[in-house]
Amino acid sequence: MEKGTAFLFAGIHFDKKKFSTDFSRFQEKKENDKVSEYLSLDENIESEEEEEEKEVEERVRVKKRKRKRKAVPSETVEGFSVFKSSKSAAPVVNEENEKLEDRLSLEKKKFHQQLERDALFRKKHNIHVSGNNIPSPLTDFVELSSRYGCSAKLLRNLAELGFKEPTPIQRQAIPVMLSGRECFACAPTGSGKTLAFVCPILMKLKDASKDGIRAVIVCPTRELANQTTRECKKFAEGSKFRIKLLSKQLVQRADLSQFSCDILISTPLRLKLAVHKKKMDLSRVAYLVLDESDKLFELGLLKQIDSIVKACSNPSIVRSLFSATLPDFIEELARTIMHDAVRVIIGRKNTASENVKQKLVFAGSEEGKLLALRQSFAESLNPPVLIFVQSKERAKELYAELSVDNIRVDVIHADLSQAQASSFFLVLLGGSGKMLEKSDYMVGSQTMRHNAVDNFRAGKTWVLIATDVIARGMDFKAVNCVINYDFPDSTAAYIHRIGRSGRAGRTGEAITLYTEEDVPFLRNIANEMKSSGSEFPSWALGLRKKKWKKHRPRRDTISTIPQDQGEESNHPK
Ligand SMILES: Nc1ncnc2c1ncn2[C@@H]1O[C@H](COP(=O)(O)OP(=O)(O)OP(=O)(O)O)[C@@H](O)[C@H]1O
């Protein structure tokens, strides 16, 4: 063991029973055919193992020789032949015992070496873990098959999606969940948490079955539930798994007591309704994931989550919590429902993505904000751009302003109805002189709130104005810039909003406009900027510490359009 890392393992004793999972991995390696591929990747480990085998054999040979030498005089002493028979049996027993001892000490040595390799590997990938008996992180996706018997289909799907290497959260959370352990995970925005929980579920479920509802993923918003369903289906492509979104239509069925599927994805409210009003049976759920768990544990959703957790009554259920932000009090709350969970943190807990270059801009007033936005769009508009405001009313106001600027802009907020979303988009495109065919944005006969999301994804919309309804989890590829037109109401909201950019290793930009009333909260944002490596205004760190409780001040109207004209405009009511 190298001197520099020896301290990591001080006081560790090998407990074969306790570490049976890891122990069996060493045993399995020789038996498993698939392993050859993995082992060939790691020649060093192989040659070490061969050497160790030789070492044991050599030790046994030396001990044998020593025993022989000792045994010779006793045989030559006359009159002691009476002990000969009992003494002649002893070396065999001793030899067996010594062999066993040597094997155990070799396994202990191997185990410590593996621990050392894991620690170095975790350090390299910024993976921090706590908990008992934590499985080794994945070195690559091939290990999913060599260590855990992953199907070739799933590996092929990952390769086809262009996933070459697991991300740090995938490296650690996947083995944790595959070992049947509960997982409490915090990793930056855009770092691949979805696959980190979907992959082990697909692998554990093995094949499709009609045996009730087998896994449940809860997401805080409909948009995110939609997206997660789509991602799950991509990962499971070519399999017979039944992956279902608990849609409005589904929940309207009279009775859901016989409903079954392999993975069910839902928002908390719908799932609670399905359980309590439509008798949906969650008693056979073997895997429960709470995505964006800190949001789900907020007061508004906590009751619903509580009743879902209770309805998932299978005693051997494995629960997992994932988010980019996990405040300490959520951890404490989570501990009350989890048993023997492994905590996996990537980088520093509750920090913004390092891939996003962050800026703070003083805009003076509401007019100043609009002016700054228009000016920046006039100088260079590098779509896709996502703009966050603090309320749906302000989203409508800003939309009305920008839609006359010949920019392809759209809006999304919690109470935008389906019909409004479509007619709104038509008017908008008419305004910009680039009318699209209705079929371009209609999804079959359904026009959904997520049209705005789909159009933004497809590049039909350049600028999307949004409330925090899409601040969490939504994966828009290559958003170049996030603009916090209204200052976020919490540090977590800031981290999630700006995390819509700089995803999957790409870089992005985030601009936060602020006015006098936001100044007391600047310190927290400057801190975030500092810890995620962006340039930050050092004076802001000197501001007084202020407890941040939902900062949503009354702001002057955005609208510069006279009231009567505004009423004529077609923005959603
Ligand atoms: N191993 C991988 N290699 C390459 N791309 C990946 C890999 N895993 C995930 N991705 C891609 O990274 C992007 C972000 O993944 P995902 O949405 O799961 O992030 P997240 O951590 O859940 O983010 P958020 O905290 O915002 O919810 C997605 O586009 C996904 O397809």
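The values are calculated or read from the model by the stated rules, or taken from the named source; none is laboratory data. Only a predicted model underlies this, so the values are computations on that prediction, with no experimental measurement involved. Heads up, the Cβs are rebuilt from the backbone with ideal geometry, glycines too, and the neighbour counts pull from every protein chain shown. Heads up: the accessible areas ignore ligands, DNA and RNA and are worked out on the full protein's heavy atoms, side chains in. Shrake-Rupley method; radii C 1.70, N 1.55, O 1.52, S 1.80 Å.
Brief remarks on what is shown
- Solvent-accessible surface ranking, highest first, for Val404, Val198 at 1.4 angstrom: Val404, Val198
- Inter-part distance where the stretch 217-244 and the stretch 388-411 are each reduced to a Cα centre, Å: 30 Å
- Between amide H atoms placed 1.01 Å from N, distances below 5 Å from Leu245 occur with Ile265, all of them 5 or more places distant or on a separate chain.
- Sulfur and carbon atoms: percent of accessible area, the stretch 109-346 [1.4 Å]: 52 percent
- Using the Karplus relation 6.51 cos²θ - 1.76 cosθ + 1.60 with θ = phi - 60°, the per-residue 3J(HN,Hα) values for the stretch 454-471 come to 4, 5, 5, 4, 7, x, 6, 10, 8, 10, 10, 8, 9, 8, 5, 4, 10, 6 Hz, with x marking Gly and Pro.
- Cα-Cα over 32 Å, subset of Lys124/Lys392; Lys164/Lys272; Lys396/Lys550; Lys369/Lys530; Lys240/Lys349; Lys108/Lys193: Lys124/Lys392; Lys164/Lys272; Lys240/Lys349; Lys108/Lys193
- Phi-derived couplings, Karplus 6.51 cos²θ - 1.76 cosθ + 1.60 at θ = phi - 60°, listed residue by residue for the stretch 159-171: 5, 5, 7, x, 7, 8, 10, x, 7, x, 5, 5, 4 Hz, with x used for Gly and Pro.
- If the convex hull is drawn through the Cα atoms of the stretch 130-263, its volume per residue in Å³: 125 Å³
- Within the assembled protein chains, the solvent-accessible surface assigned to His128 is about 90 Å², based on a 1.4 Å probe.
- Positive-end residue of Val289, Cys186, Pro137, charge dipole of the stretch 109-346 with Cβ unit charges: Val289
- About the Cα centre, charge dipole magnitude for the stretch 169-297 (Lys/Arg +1, Asp/Glu -1 at Cβ), debye: 380 debye
- HN-Hα J in Hz across the stretch 345-355 - Karplus 6.51, -1.76, 1.60, θ = phi - 60°, x for Gly and Pro: 10, 9, x, 9, 4, 6, 10, 6, 5, 6, 7
- Net dipole in debye of the stretch 109-346 [+1 Lys, Arg Cβ; -1 Asp, Glu Cβ; about Cα centre; nearest 20]: 640 debye
- Taken per residue, the accessible surface of the stretch 109-346 reaches 40 Å², heavy atoms only and a 1.4 Å probe.
- Charge sum, other residues only, whose C-beta stays under 13 Å from Ser209's C-beta, Lys/Arg counted +1 and Asp/Glu -1: +4
- Each Lys or Arg adds one and each Asp or Glu takes one away; over the other residues whose Cβ falls under 12 Å from the Cβ of Lys295, this sums to -4.
- The separation of the stretch 485-555 from the stretch 299-349, counted between C-alpha centres, amounts to 26 Å.
- Accessible surface ranking that places the most exposed of Arg457, Arg181, Arg506 first, with a 1.4 angstrom probe: Arg506, Arg457, Arg181
- With the whole protein complex present, Phe456 retains an accessible surface near 10 Å², based on a 1.4 Å probe.
- Near the amide H of Cys481, within less than 5 Å, lie the amide hydrogens of Leu386, Glu509, all on another chain or at least 5 residues away, with H placed in the peptide plane.
- Taken over the stretch 109-346, the alpha-carbon convex hull comes to 120 cubic angstrom per residue.
- Amide H contacts under 5 Å for Val289, placed H, 5+ residues apart: Val216, Ile217, Val218, Ser320
- Taking all protein chains as they are arranged and a probe of 1.4 Å, the heavy atoms of Glu517 leave approximately 80 Å² accessible to solvent.
- Largest accessible area first, the residues Glu223, Glu379, Glu509, Glu516 order themselves as Glu379, Glu516, Glu509, Glu223 under a 1.4 Å probe with ligands, DNA and RNA left out.
- Most positive-pole-ward Cα, Leu256, Ser323, His125, against dipole of the stretch 109-346 from beta carbon charges: Leu256
- Between the stretch 367-381 and the stretch 86-158, the alpha-carbon centres lie 58 Å apart.
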